[in-house]
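K.L.:
Before we start, here is the structure in question, set down as structure tokens.
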Amino acid sequence: AESEDWIVVSKGAPLIVHPSNGKREPNLLEGVEELLRYELVNGAALSLVNRLDRETSGLTLIAKNRSAARQLGRAMQRRLMHKEYLAIVRGWPEWKETVCTAPILRQGEVGESRIWVKQTVHPAGKECITAFRVERTLESASGPLALVRCIPETGRMHQIRVHLEHLGHSIAGDKIYGPSEDCYLEYIQHGWNRELEKQLILHRHALHACRLEFPFDEETFTAESPLPEDMARLLAL
């Protein structure tokens, strides 16, 4: 989906959305700049409206000018954007639908953490709301899995991943909130290997931003993205 003021693209995984820590590596924003080179020469200024983790695939909204960035940013702050994700989780939830309202903060604020970015459920955390609905369950070679639709009302860091872990159904492939945070430390130090594959099932966490609805200039726009191949393959096992 695209207009003169914004573009929605589907990000692959693992891919960062923009350069960070001065490190040079492929990123989504540079790819979109290449795509919109003509518009940039004519005064466009790209700005990410919603950011996805490196390992989360799916829909990303990018404003093409400052006034669109302001308007879309306000809509985001006022929670007028409706976002849906699909996750493949371990185990079969005992609920068909549920809403998790557990507050979240950075784990290092309340205890020891070997991973700076790791978030945790804690009474002192910020308000956090995610609705979940089981779409289907299956028995795979790696054990029982479920496809779960996730609808976040708030936009905290790692919110969906933390809430699913809290509910006892961590996302397949999640190196931080999965079987052990050792998976993340091992991956950072030594990269992907057979032992990690055995523990995690998938090379990245199975989370995909599949639907985005947002208001712009008094209209509502909707974009959808089908499950990427790696997640679809996991469901076909």
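The values are calculated or read from the model by the stated rules, or taken from the named source; none is laboratory data. Predicted, not measured: the structure shown is a model, and the values here were computed from it. Positions of Cβ are generated from backbone atoms using ideal geometry, with glycine treated the same way; all protein chains shown enter the neighbour counts. Quick note on the areas: whole protein, heavy atoms, side chains included, nothing else; ligands and nucleic acids left out. Shrake-Rupley method; radii C 1.70, N 1.55, O 1.52, S 1.80 Å.
K.L.:
Would you please list the contacts, defined by Cβ atoms under 8 Å and residues six or more apart or on different chains, that run from a residue in region 130-142 that is under 17 Å from Glu97 (Cα atoms) to a residue that is polar (S, T, N, Q) and open to solvent by 20 Å² or more (accessible area, probe 1.4 Å)?
P.N.:
Ala131/Thr98; Phe132/Thr98
K.L.:
Given the conditions (1) modelled with pLDDT of 90 or more; (2) within 22 Å of Arg106 (Cα to Cα); (3) open to solvent by less than 10 Å² (accessible area, probe 1.4 Å), and given that Val148 satisfies all but one, which numbered condition is not satisfied?
P.N.:
Going through the list (1) modelled with pLDDT of 90 or more; (2) within 22 Å of Arg106 (Cα to Cα); (3) open to solvent by less than 10 Å² (accessible area, probe 1.4 Å), Val148 breaks only (2).
K.L.:
Of all the residues that make up region 116-145, how many are surrounded by 15 or more Cβ atoms within 10 Å (Cβ to Cβ) and part of a loop (DSSP other than H, G, I, E, B)?
P.N.:
Number of matching residues: 6.
K.L.:
Being in contact with a strand residue (DSSP E or B) (Cβ under 8 Å, 6 or more places away or on another chain) and free of Cβ contacts under 8 Å to residues at least 40 places away in the same chain narrows it down to one residue among Arg74, Arg66, Arg54; which is it?
P.N.:
The match here is Arg66.
K.L.:
Within region 1-115, which strands (runs of 3 or more DSSP E) (wholly inside it) include 1 or more residues that are basic (Lys, Arg) and open to solvent by 40 Å² or more (accessible area, probe 1.4 Å)?
P.N.:
82-90, 104-106
K.L.:
Now for a separate question. Among (1) over 15 Å from the mean Cα position of the chain (by Cα); (2) modelled with pLDDT under 95, which single condition is Asn50 missing?
P.N.:
Among (1) over 15 Å from the mean Cα position of the chain (by Cα); (2) modelled with pLDDT under 95, Asn50 violates only (1).
K.L.:
For Val148, state whether it is touching a His at 6+ places or on another chain (Cβ under 9 Å) and in contact (Cβ under 8 Å) with a residue 60 or more places away in the chain.
P.N.:
yes
K.L.:
Identify, from the list Arg54, Arg24, the residue that is out of contact with any Leu (no Cβ under 7 Å at 6 or more places or on another chain) and of a type in the set (D, E, K, R).
P.N.:
Arg24
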